[in-house]
Amino acid sequence: MKHFHFGLCLLSLLSTVWGYGQQSDSLAIKVKENQDVIHHFEEPIYVNPSHYLDYRKYSLTSFEIAKQNSKNETTLAQEGKNRDDLSFQANAYHKLDKHSAVWGSATYQQGKRRDVMWNESADYHLIFPYVVADSVGGDIKYEDYHIAGGYAQRLGKYNIGISGFYKAKMEYRNIDPRPKNLSARLGGNIGVSRVFKEFFTIGVNTSIEKYTQKHKMDFYSPTGFPVIYEMSGMGNFNNLLKGKRREAYYDGWRYGTSLQVYDTYQKKWFATVGMNIFSFEKLLPDFYDLQVSKVKEVEHFFSVGKLFDVQATQLGVRLDGNMKTRKGTENLFVNVSATNYLKIGQEEQYKYENKSLRLSGVFKYGTLNSVYSILPYIGITQEVERYKKPYSKTDIQYTYMGADLQWMYTFKDRSLLTVASNWKVRQTAKEKATFNYGNSNAINQMLLDNYAVQIAEYWEGSFKVRYDFALPKVIDVFVGGEYYFQNYKQFQNNSSVMMSLGITF
Amino acid sequence: MIKRLLQSLCLLLVVLGFNACSSDDNSNMTGDEQTFVTFWINDPQDAKIEEIKQMTIYLTELNSNKKTELVYEGDKKIQKALPTGTYDITVEGVITHKVNGVVEESKVGNFIKGVVISGREMTKAIDIVFKTSSTGFVIEEVFFAGTKTPQGLQYTDDQYFKITNNSDEVLYLDGMLFVQSKFMTNDKQDYTPNIMSEALSAGAILQFPGKGKDHPVEPGKSVIFAENAINHREFNSNSIDLTNAEFQNFRDGVHDVVGLKAAKMITIHDELVVNIQGSYAYALVKMPEGMTTEKLVVDNIYDYEYEMIFGGEAYPSVDSAIKIPNSWIVDAVNLGIADEYMWNVTSPSVDMGYTYITQHVGDEGRYGKAVRRHVLGKNAAGNNVLKDTNNSTVDFAPAVRPSLFKY
């Protein structure tokens, strides 16, 4: 039934934009413009919805079905290994007139992640380290829903924009232990920008997001079930809450703001700076919504870029920086009875820091039928994770470099072939770990395995082909395929294959 | 007008954005603070400490499971700065005190559950009790969790208790009592009157059969008291053969086994149903001369009151048990469910700790596991000397393979 509802949403979106799709622009021009690497290069500007009037030159709507099979052997235990996905996606961007634009997207994805260990919660990247875990784990099936949209309007020298999104996720397992996770993210973004002296634009935006996740664990075995842990980072857990808690609830908010300055018409230069704050608390409904822990994450980011035109060649350079600090505070309890816990204190135990700097460039050269582009990049990242008592710390610095290559060729029948290949090498510059091993050998092993993956050096490459063509008098279609490979020196390799089929109009 | 409106909106976005980014951590509970704690050592009941020869306080913070050990240095107090938390406190020591004017040396101890330590400074009085010394029978092993059949089903008829003569002389079980506590270690109530310092509140009471010397136990030897003294392997290949057990629980309609070799225990009060999670205390009891079981269940009735809390409401309740004076207890062990254990249901003078198999109710890892007393070494006769400090937490190894499981 829910699939049916989602299908209706997709159809609604498509029918809404269908009329806008009846453009006279050639398919090749529209798709080629949409895939232009310069847009990717300028992506930081579009954190503000008021800038979407110039997001793309042409209106375009697409609908895509994709199937992806990943064979991942080297991953963090909490993320799982092999993965199968099937996704349906619709995207639309339309310029209503010279002064307004509308856009939207809807995605449905279902699949399975195999061998997820030490994590029975959803959205690990959001709620770490405060997951619910057990030593059994297993495969997790999931369904993701995502719908988003926005509107931008020009009012004299001002542009205003507003956008919103809703993401919902369901994860579950059909054998013991049987977690069922329902997470939802509802967010909005409002922005304003002004053109100054016909030369540059300054924009500011503020975003807000509500996050919730409901976790419930069930066991059908009549003989019992394993220990459930309320994990608190780097292998630690609250010993008093260890046991049979069946439910957890995550409740959080994200706020953000950013400022953008850029060349109004050609976007030959741009600069953005901003910050986001994400905070959530973990509650145990079994004990009248007892707060177990809370997290506050502060992220600062900036991006500056400059483009140059040298005859038929476009060159560019861009610098991105990001600094993220996550602090986790845990509550201390006394158990008045087996089902009644009182908070007696709190302690900021967990800290995670991620600092990264990335220098990238762009080279684009076009001929009558072909467009060649290269986006080389180099970066350095430092990740520090620390638990105060008992003291544990990991400090990892790594450098990476790579290049994204793309070639687009337009045939005489106006069909378009896009060939892309991405390459990246990651090397560990520094790593240091201090672990305080607990009584659980399984948890100790998980810590060591995860750390080995975190410091592992690798290279990765992908090869992607997409062919857009018109079925005469019917519709414009594209087919695509991608192969991705990640090679580790000391571990097994990861790879994935994706096939996609879609329509554009 | 529109221009002014948009200018205002711009300003509002900036203000909102930066306001969102301001710190919201205005809590005054910093958590990093430590509490300077002074533990005062109180005199035992009806005695005055002459000198504390040695004393150690073992603290376990329950949230982090961090253990701290504090050694007595003088002035009847121990001081230490400790992190905020909930602590289980175990005290072990040796003191001197006067008995009829003569200075004697005695072992003392206590176990205090769930003490909250917080704030800048606090004082905690530590009550200590004299530890009874036992060199006789001990409960060496308790196998209460049962096994799992090859089909994955629960099988609990193979429970047993292993009782060992930890002395160097022949002892007799005839007439001794085997007691299951009335109260549960995972259900703490304010039972009034509180008689725990004097007696154990007994639920099921069984008596070993015999007229005096029918059931001798050689030094270092053990007997098995089984729930069902049959070959359980005939029903469950993962279980054990208990046909050689010396004693068996007996309940009409439950244990009527033909060809039973084991002697039937005599039910004195209530029926013994061994909890498969382990939430009661068990004790071996030797009644004094002149006391009979008939007299026991009449003269030692203990009527108590408590408030049963259910759904946040308090319901006044009454019940009764049989008082077993602590001085009659030869050995006792408190069993608990690790994450639900609330208190000891015996006086710390007979057992100041607890042991466990199950981590939580329904723990799937409990099957085929027992609690077993540590072996200190061998005596001159070559027999095992079992650890018996009246502290089951340190005397027993929790969740170990039962000794009768040879295959």
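No value in this document is a laboratory result; all are computed from the given coordinates. Remember, it's a predicted structure, so these values are computed and weren't measured experimentally. Methodologically, a virtual Cβ is constructed for each residue, glycine included, from the backbone with ideal geometry; neighbour enumeration extends over all protein chains shown.
The mean count of C-beta atoms from other chains within 10 Å of the C-beta of residues in B:338-344, rounded to a whole number, is 4. Listed peptides A:476-487, B:70-81 appear in the order A:476-487, B:70-81 once ranked by packing, highest mean of other Cβ atoms within 10 Å at the front. Of the cross-linked pairs A:Lys141/A:Lys180; B:Lys162/B:Lys369; A:Lys389/B:Lys188, those separated by over 20 Å at the C-alpha level are A:Lys389/B:Lys188. Shown is the FRET efficiency for B:Glu104 and A:Lys389, computed with R0 = 45 Å from the Cβ-Cβ distance and rounded to the nearest 0.05: 0.55.
Computed from the C-beta positions of A:Tyr437 and A:Ala184 and an R0 of 41 Å, the FRET efficiency is 0.65 to the nearest 0.05. Annotation: lysines with alpha-carbon distance below 28 angstrom to A:Lys364 (same-chain offsets under eight excluded): A:Lys30, A:Lys32, A:Lys57, A:Lys95, A:Lys98, A:Lys267, A:Lys268, A:Lys306, A:Lys412, A:Lys424, A:Lys464. Note on chain A: helix-only mean residue ellipticity at 222 nm, from DSSP H runs of 4+ residues weighted -39500 (n - 2.57) and normalised by residue number, equals -3000 deg cm²/dmol.
Counts of other chain beta carbons within 10 angstrom of each beta carbon in peptide B:63-69 average 6. Normalised by the number of residues in the range B:34-130, the mean separation of alpha-carbon contacts (under 8 Å, six or more apart) gives a relative contact order of 39 percent. The residues B:Arg373, B:Arg401, A:Arg466, when put in order of fewest to most other Cβ atoms within 10 Å, stand as B:Arg401, A:Arg466, B:Arg373.
Gain on full extension, evaluated as 0.36 nm per residue between A:Ser421 and A:Glu73 minus their Cα-Cα distance, stands at 123.0 nm.
In this simple spin-label model, placing a label point 7 Å from the Cα along the Cα-to-Cβ direction at both A:Leu86 and B:Ala314 gives a separation of 6.0 nm. Taking every alpha-carbon pair under 8 Å whose residues sit at least 6 apart, the range B:249-407 reaches a relative contact order of 18 percent. Relative to the longest principal axis of the Cα atoms of chain B, the long axis of helix B:2-20 makes an angle of roughly 40 degrees.
When only the Cβ of Lys, Arg, Asp and Glu is charged (+1, +1, -1, -1), the dipole of the protein assembly as shown relative to its Cα centre reaches about 4540 debye. Restricting the trypsin sites (Lys or Arg not before Pro) of the range A:120-209 to loop positions (DSSP other than H, G, I, E, B) with no more than 16 neighbouring Cβ atoms within 10 Å leaves A:Lys157, A:Lys197.
Taking the charge dipole of the protein assembly as shown about its Cα centre, with +1 at Lys and Arg Cβ atoms and -1 at Asp and Glu Cβ atoms, the residue from A:Leu332, A:Thr418, A:Gly502 reaching farthest to the positive side is A:Thr418. Distance between the C-alpha centres of the range A:465-505 and the range A:323-380: 29 Å, rounded to the whole angstrom.
Based on DSSP H segments of at least four residues, each scored -39500 (n - 2.57), chain B has a per-residue ellipticity at 222 nm of -2000 deg cm²/dmol. With a cut-off of 15 Å between beta carbons, the residues surrounding A:Phe491 carry a summed charge of -2, where Lys and Arg count +1 and Asp and Glu -1. Taking the Cα centre of the range A:154-251 as reference, the dipole from Cβ charges on Lys and Arg (+1) and Asp and Glu (-1) amounts to some 200 debye. When the inverse distances between all different Cα atoms of the protein assembly as shown are averaged and flipped, the Kirkwood radius reads 32.8 angstrom. For B:Ser317, neighbours were defined as the other residues whose beta-carbon sits under 9 Å from its Cβ, and their charges (Lys and Arg +1, Asp and Glu -1) total -3.
Of the chymotrypsin sites (Phe, Trp or Tyr not before Pro) found in the range A:131-201, those in coil by DSSP whose Cβ has at most 16 other Cβ atoms within 10 Å are A:Phe199. Farthest toward the positive end of the dipole of the range A:326-373, out of A:Ser356, A:Gln346, A:Thr367, is the Cα of A:Thr367, where the dipole comes from beta carbon charges about the Cα centre. Averaged over peptide A:218-224, the number of partner chain Cβ atoms lying within 10 Å of each residue's Cβ comes to 5. Taken along the Cα-to-beta-carbon direction at a fixed 7 Å, the label points for B:Phe235 and B:Val71 span 5.4 nm.
Here's the picture: charge each Lys and Arg Cβ at +1 and each Asp and Glu Cβ at -1 in chain B, and of B:Ile49, B:Leu260, B:Leu404 the one pushed furthest to the positive end of that dipole is B:Leu404. Between B:Asp168 and A:Phe485, the modelled labels are 7.7 nm apart [label points 7 Å from Cα along Cα→Cβ]. Backbone amide hydrogens, once placed in the peptide plane, bring A:Ser121 within less than 5 Å of A:Val132, excluding anything fewer than 5 places away on its chain.
Hey, what's the Cα Rg ratio for the range B:100-156 versus the globular rule of thumb, 2.2 N^0.38 Å? Its radius of gyration relative to the 2.2 N^0.38 Å reference: 2.14. Panel order for A:Thr223, B:Thr346, by other beta carbons found within 10 Å of each beta carbon, from fewest to most: A:Thr223, B:Thr346. Across all Cα pairs in the range A:2-504, the calculated P(r) in 10 Å bins from zero up to the longest distance comes to 4, 16, 26, 29, 17, 7, 2, 0 percent per bin.
Its Cα centre serving as origin, chain A has a Cβ charge dipole (Lys and Arg +1, Asp and Glu -1) of approximately 500 debye. The listed peptides B:248-255, A:100-107, B:190-197, ordered by packing as a protection proxy, come out as A:100-107, B:248-255, B:190-197 (highest mean of other Cβ atoms within 10 Å first). Which percent of the Cα-Cα distances in the range A:41-114 go past 18 Å? Beyond 18 Å sits 59 percent of the P(r) for the range A:41-114. Note: relative contact order over chain A, using C-alpha pairs below 8 Å and six or more positions apart, is 12 percent.
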